[in-house]
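First comes the structure, then the notes that go with it.
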Amino acid sequence: MGSGHPTSVRAMRQIVLVLCVAAAATGIAVVGVPAPGRDDAAVERSCVRPEGVASISFSATKYPNIRRHVAAAVERGWPRVLVLSRDGADARRERLLDAYGTRPGMDRDEYPPAVGRRRWRAHVAYVPSAENRSHGATLGIKLRRFCDGTRFRYVFY
């Protein structure tokens, strides 16, 4: 999706669909995708709704540029506490990043992340691609068990 070209987005969606079907066929649960024969209500019942704010922790040494970006965004008034909102995240991300060109070896990091905001606007910073993609994957894994509407915040250790 780095180029922002519609064909790239379409191709990525097709790849995700194929992976979800393959995962479901092998019995692997995919976040946000109900298993065959399972409805959305069952997925919602299986998630966790913590009281208060969930702390999502990341290594400050593994993600130094992400940490700097989050600190800068919060300093500029973006919220520290976020609300998990998966529906429409891809569209929010796409709309925001359309305004920012790509750079070789760099990704456009967004804070709050698309899954942690309900509007399309966010703070954007260029960070090394490997760091951004690793952080995004880690964030997805750590948020997997939580229901939409869960309040969470980043904590760097």
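Take residues that are surrounded by fewer than 16 Cβ atoms within 10 Å (Cβ to Cβ), in the same structural domain as A137 (by TED's automatic domain parsing) and modelled with pLDDT of 95 or more and tell me which of the helices (runs of 4 or more DSSP H) falling wholly in region 26-114 contain 2 or more.
Numbers: elements: 40-46, 64-75, 89-97.
In region 26-114, 64-75, 89-97 are the helices (runs of 4 or more DSSP H) which contain 2 or more residues that are surrounded by fewer than 16 Cβ atoms within 10 Å (Cβ to Cβ), in the same structural domain as A137 (by TED's automatic domain parsing) and modelled with pLDDT of 95 or more.
Restricting attention to region 118-141, does a residue exist that is over 20 Å from V48 (Cα atoms), acidic (D, E) and at pLDDT 95 or above?
Checked region 118-141: at least one residue is over 20 Å from V48 (Cα atoms), acidic (D, E) and at pLDDT 95 or above.
Inside region 136-147, can you point out the residues that are part of a loop (DSSP other than H, G, I, E, B) and exposed (fewer than 15 other Cβ atoms within 10 Å of the Cβ)?
Step one: list which residues in region 136-147 are part of a loop (DSSP other than H, G, I, E, B), which gives 144-145, 147.
Within region 136-147, R144, R145 meet the criteria.
Residues in region 81-126 that are aliphatic (A, V, I, L, M) and under 21 Å from R145 (Cβ atoms): how many?
Start the filter on region 81-126 by keeping residues that are aliphatic (A, V, I, L, M), which leaves 81-84, 89, 91, 96-97, 99, 106, 114-115, 122, 124-125.
Okay, now just the ones that are also under 21 Å from R145 (Cβ atoms), so 81-84, 89, 114-115.
Within region 81-126, residues that are aliphatic (A, V, I, L, M) and under 21 Å from R145 (Cβ atoms) number 7.
Consider C20 against the criteria (1) at pLDDT 60 or above; (2) surrounded by 13 or more Cβ atoms within 10 Å (Cβ to Cβ); (3) within 18 Å of the chain's Cα centre (by Cα): it satisfies all of them except one. Which criterion is unmet?
Answer for C20: the failing condition is (1).
The values are calculated or read from the model by the stated rules, or taken from the named source; none is laboratory data. As the structure is a prediction and not an experimental result, all values here were calculated from the model. Note that we place each Cβ from the backbone using ideal geometry, even for glycine, and neighbour counts take in every protein chain shown.
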